[in-house]
Amino acid sequence: MQKTAFVTGITGQDGPYLAKLLLEKGYRVFGLVPRHSNPNFSNTDYLGVTSGIEFVTGDLTDEGSLLQLIRSTRPDEVYNLAAQSFVGASWDLARLTTEANALGVLYLLNAVKHHQPTAKFYQASTSEMFGNSAEDGGVQTERTPFHPRSPYAISKLYAYWMTVNFRESYGMFTANGILFNHESPIRGREFVTRKIAEGVARIKLGLEESISLGNLDARRDWGFAGDYVEAMWLMLQQSHGDDYLVSTGETHSVREFLDAAFAHVGIADWQGLVKVDPRFKRPAEVNVLQGKSRKAEERLGWKPKVGFEELVRMMVDADLERQRARLGEKAFAV
Ligand code: NAP
Ligand code: GDD
């Protein structure tokens, strides 16, 4: 029997990687797209999955659209990846962030409970919920206390507990993936890794003189999105719903990311090429994230495959290719 998946956030970074995995496994994939005058399918195009996905229009903040879509698509698995996911914007957009990331999850859980209660539900939870809990050299695990430090993290904490609560109250199969930062060539351009990859590529090609960034000392546990969507799928193949932390176990600073990215294009001394701009600093920073995903390893058999250096090279190479293609198009136009 062919399985059906309902995936929100299909046009973001993780949605296309997950859709690729599910289509390869023979799933029918419905992808939720919010209404835009000019919808952008560049990420599903990049991974070659646009034609395999059945796109449906709706919005996490519109409960009626979710009730109608869960009723009509009858999914076996629901992956809620949609969110206002940029931490830096969440102070200025606190209400929008809360409505999509917190209330939106309640609406989707309700839609599943009413129309497809046997569906397995995945919620995209986040290491941001830990804040600076393990700053004193410790690593985060499923048992580390939460201390969210942004409206984004607070909204995600509400969704985390609501996901747990639907499991405990109604016996539904729900799972939280507490994912640490994961990146790829289709990472949004405002996130620090992609901003660096694109900036380095443009500097190398003589198209830009510098990159402006905020806190270079922040440390993150960066993995590859293609690896992390496998963990999402594995969580829903278990006999019962549970919560799992997903990370690489390594932490690196923004500075180290810069070192690796510039080194890859043969630039050793990048100090003069990076400007620190206070506009990119946050009112409350999460200084260090480093996760220990032993539970995912033992129970799901999941391990990351792509390491830090390979990830940086993959992202810089992809941006070099994109920038060269653009230059080629311009030359052709002349
Ligand atoms: P992303 O690239 O920012 O994608 C977010 C997606 O959500 C986009 O497709 C966006 O559509 C959609 N969306 C936003 N608001 C919506 C709404 N109100 N209704 C319906 N769709 C809406 O995020 P990502 O990096 O793929 O991350 C996927 C999920 O994992 C997010 O929930 C994020 O918070 C969480 N997460 C990410 C990471 C990470 O490191 N990437 C780590 C932990 C958790 P439009 O673009 O059309 O607006
Ligand atoms: N975006 C950005 N831009 N971040 C910068 C910059 C800059 O110019 N300069 C320094 N940083 C620092 C941020 O202050 C932060 O400490 C770190 O780089 C990473 O920032 P982001 O790439 O924006 O990611 P994030 O860690 O805030 O959030 C991402 O990961 C979370 C999981 O831990 C997002 O994908 C979230 O949605 C996700 O939940």
Residue hits (the stretch 226-244; open to solvent by 40 Å² or more (accessible area, probe 1.4 Å) and in a loop (DSSP other than H, G, I, E, B)) are Gln237, Gln238, Ser239, His240
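Which residues, counting only those in the stretch 308-334, are within 21 Å of the chain's Cα centre (by Cα) and within 17 Å of Glu198 (Cβ to Cβ)? Step through it out loud before you land on a result.
Taking the stretch 308-334 first, the residues within 21 Å of the chain's Cα centre (by Cα) are 308-319.
Correct list: Leu311, Val312, Arg313, Met314, Met315, Val316, Asp317, Ala318, Asp319.
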Yes or no: the stretch 169-189 includes at least one residue that is of a type in the set (Asp, Glu) and open to solvent by 10 Å² or more (accessible area, probe 1.4 Å).
no
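Just for the stretch 148-178: of the residues that are among the charged types (D, E, K, R) and within 27 Å of Leu93 (Cα to Cα), which one is nearest to the chain's Cα centre (by Cα)?
Applying the first criterion (among the charged types (D, E, K, R)) to the stretch 148-178 yields 149, 156, 167-168.
Next, only the ones that are within 27 Å of Leu93 (Cα to Cα) stay: 149, 156.
Numbers: Arg149: 18, Lys156: 13 Å.
Ranking the qualifying residues of the stretch 148-178, first place goes to Lys156.
Please state which one of Glu250, Glu256, Glu298, Glu321 is of a type in the set (Asp, Glu) and farther than 22 Å from Ser184 by Cα. Steps first, please.
Numbers: Glu250 fails: farther than 22 Å from Ser184 by Cα; Glu256 fails: farther than 22 Å from Ser184 by Cα; Glu321 fails: farther than 22 Å from Ser184 by Cα.
After applying the criteria, what remains is Glu298.
Filter the stretch 68-83 down to residues that are more than 26 Å from Tyr152 (Cβ to Cβ) and surrounded by 16 or more Cβ atoms within 10 Å (Cβ to Cβ) and give me whichever is nearest to ligand 2 (Cβ to nearest atom).
The selected residue is Pro75.
What number of residues in the stretch 100-118 are open to solvent by 10 Å² or more (accessible area, probe 1.4 Å) and within 16 Å of ligand 2 (Cβ to nearest atom)?
The number of residues fulfilling the criteria is 1.
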Name the pairs whose Cβ atoms lie under 8 Å apart, with the first residue in the stretch 32-46 and within 23 Å of Val105 (Cα to Cα) and open to solvent by less than 90 Å² (accessible area, probe 1.4 Å), the second within 16 Å of ligand 2 (Cβ to nearest atom) and not in a loop (DSSP other than H, G, I, E, B), and 6 or more positions between them or separate chains?
Leu32/Thr8
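Could you pull out the residue among Val29, Val7, Val56, Val49 that is in contact (Cβ under 8 Å) with a residue 12 or more places away in the chain, closer than 26 Å to Ser184 by Cβ and within 17 Å of the chain's Cα centre (by Cα)? Talk me through it step by step, then tell me what you get.
Details: Val29 fails: within 17 Å of the chain's Cα centre (by Cα); Val56 fails: within 17 Å of the chain's Cα centre (by Cα); Val49 fails: within 17 Å of the chain's Cα centre (by Cα).
Testing whether each residue is in contact (Cβ under 8 Å) with a residue 12 or more places away in the chain, closer than 26 Å to Ser184 by Cβ and within 17 Å of the chain's Cα centre (by Cα) leaves just Val7.
Search the stretch 199-225 for residues being part of a helix (DSSP H, G or I) and surrounded by fewer than 22 Cβ atoms within 10 Å (Cβ to Cβ), and hand back the single one that is nearest to ligand 1 (Cβ to nearest atom). First the steps, then the outcome.
In the first step, residues of the stretch 199-225 are kept if they are part of a helix (DSSP H, G or I); the result is 199-204, 225.
Okay, now just the ones that are also surrounded by fewer than 22 Cβ atoms within 10 Å (Cβ to Cβ), so 202-204.
Working: Arg202: 21, Ile203: 25, Lys204: 25 Å.
The extreme case among them is Arg202.
Please state which one of Thr97, Thr61, Thr57 is of a type in the set (Ser, Thr, Tyr), modelled with pLDDT of 95 or more and within 16 Å of ligand 2 (Cβ to nearest atom).
Thr97
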For the stretch 247-266, indicate whether the set of residues that are β-branched (Val, Ile, Thr), within 16 Å of ligand 1 (Cβ to nearest atom) and not in a helix (DSSP H, G or I) is non-empty.
yes
Is it true that some residue in the stretch 175-189 is touching a strand residue (DSSP E or B) at 6+ places or on another chain (Cβ under 7 Å), over 26 Å from Phe308 (Cα atoms) and either in contact (Cβ under 8 Å) with a residue 40 or more places away in the chain or not in a loop (DSSP other than H, G, I, E, B) (or both)?
yes
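The values are calculated or read from the model by the stated rules, or taken from the named source; none is laboratory data. It should be emphasised that the depicted structure is a prediction, and the values quoted were computed from it without experimental measurement. Neighbour counts are summed over all protein chains in view; Cβ atoms, including those assigned to glycine, are modelled from backbone coordinates with ideal geometry. For the accessible areas, the whole protein counts, side chains as well, though only heavy atoms, and no ligand, DNA or RNA atoms are used. Shrake-Rupley method; radii C 1.70, N 1.55, O 1.52, S 1.80 Å.
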